[in-house]
Amino acid sequence: MPRSVTRSSRPTRQAHRVAGSGLTLILAFALAVTGCSSDDKDKADAVGSPPPSPSQQSEAEANAAPGAKSMRLSQGLRKPVTYDDKITVQVTSIRTVRNSKTGPGEMTGRTLTIFTLRFTNGSSRTLDLNQVRVVARYGAKGTQASPTSYANLNDFYGTVAPGKARSASYAFDLPTSGYGKVTLGVKFSETHKVAVFTGAIEA
């Protein structure tokens with residue numbers, strides 16, 4: 001970068017030329033490093049933009065599942081789990097959707113089951129949600145369902161202040177034949193037992 005001119009409060013024409021050439025070199029270097037050619041831009045447009053990071057999404061966007069159909073929950077799945085410190089975990093909705101997306105990691109054509117969970121922090125301390133783990137099991141044998149990605153769904157992250165709540169959604173490859181018995185386990189800290197929800201999903 002060119003040094004600033006200190007002899008006068010008004011830059012000379014020569015200083016303008018030096019500054020201009022310096023900016024040109026910086027821009028040329030940046031373009032070379034990032035590879036921002038028109039061909040690369042066309043390729044990027046063809047691939048599509050990656051989903052936004054959790055910090056860029058509103059809660060509604062983080063739980064949106066276009067085309068998903070709401071299902072009814074039995075009492076066992078709807079009943080919230082509240083701990084002694086007034087932290088509550090609850091399954092607020094279950095939806096199903098047929099995945100029509102294609103690409104790496106996509107289960108195209110499979111029916112996915114989406115669980116939306118809510119943490120309510122009724123304690124006097126900040127609640128850390130960076131270690132949340134959700135496991136879904138189904139059927140008489142308790143087969144573990146495979147977690148999947150769908151749309152821009154994001155896991156829980158960050159912290160929740162006292163008196164506040166946060167929701168997130170998790171999609172699983174859980175066959176409808178297993179809807180008669182579903183168990184959802186939610187682990188979020190070493191000092192709290194796993195929140196367990198067991199019941200049926202009804203059409």
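The values are calculated or read from the model by the stated rules, or taken from the named source; none is laboratory data. Keep in mind that what you see is a predicted model, and the values were worked out from it rather than measured. Ideal geometry is used to build each Cβ from the backbone, glycine not excepted, and the neighbour counts take in all protein chains shown.
Of all residues being surrounded by fewer than 21 Cβ atoms within 10 Å (Cβ to Cβ) and within 21 Å of the chain's Cα centre (by Cα) in region 170-187, which is farthest from Q144 (Cα to Cα)? Just the residue, please.
At the first step, the residues of region 170-187 found to be surrounded by fewer than 21 Cβ atoms within 10 Å (Cβ to Cβ) are 173, 175-181, 183, 185, 187.
Going one step further and asking which of them are within 21 Å of the chain's Cα centre (by Cα), we end up with 173, 185, 187.
Working: D173: 9, G185: 11, K187: 15 Å.
Among them, the one singled out is K187.
Among the residues that make up region 194-202, is at least one of them under 17 Å from the mean Cα position of the chain (by Cα), assigned by TED's automatic domain parsing to the domain that holds S70 and closer than 21 Å to D85 by Cα?
Filtering region 194-202 down to residues under 17 Å from the mean Cα position of the chain (by Cα) leaves none.
Within region 194-202 (the criterion being under 17 Å from the mean Cα position of the chain (by Cα), assigned by TED's automatic domain parsing to the domain that holds S70 and closer than 21 Å to D85 by Cα), the answer is no, since none of the residues qualifies.
When you scan region 96-120, how many residues do you find that are among the charged types (D, E, K, R) and modelled with pLDDT of 95 or more?
Restricting attention to region 96-120, the residues satisfying the condition of being among the charged types (D, E, K, R) are 98, 101, 106, 110, 118.
Checking which are modelled with pLDDT of 95 or more leaves us with 118.
Of the residues in region 96-120, 1 are among the charged types (D, E, K, R) and modelled with pLDDT of 95 or more.
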Qualifying residue in region 153-169 (condition: small (G, A, S), under 16 Å from the mean Cα position of the chain (by Cα), crowded, with 19+ Cβ neighbours inside 10 Å and modelled with pLDDT of 90 or more): yes
S149, sole failed condition from (1) over 19 Å from V196 (Cα atoms); (2) buried (at least 19 other Cβ atoms within 10 Å of the Cβ); (3) not hydrophobic (A, V, I, L, M, F, W, C): (2)
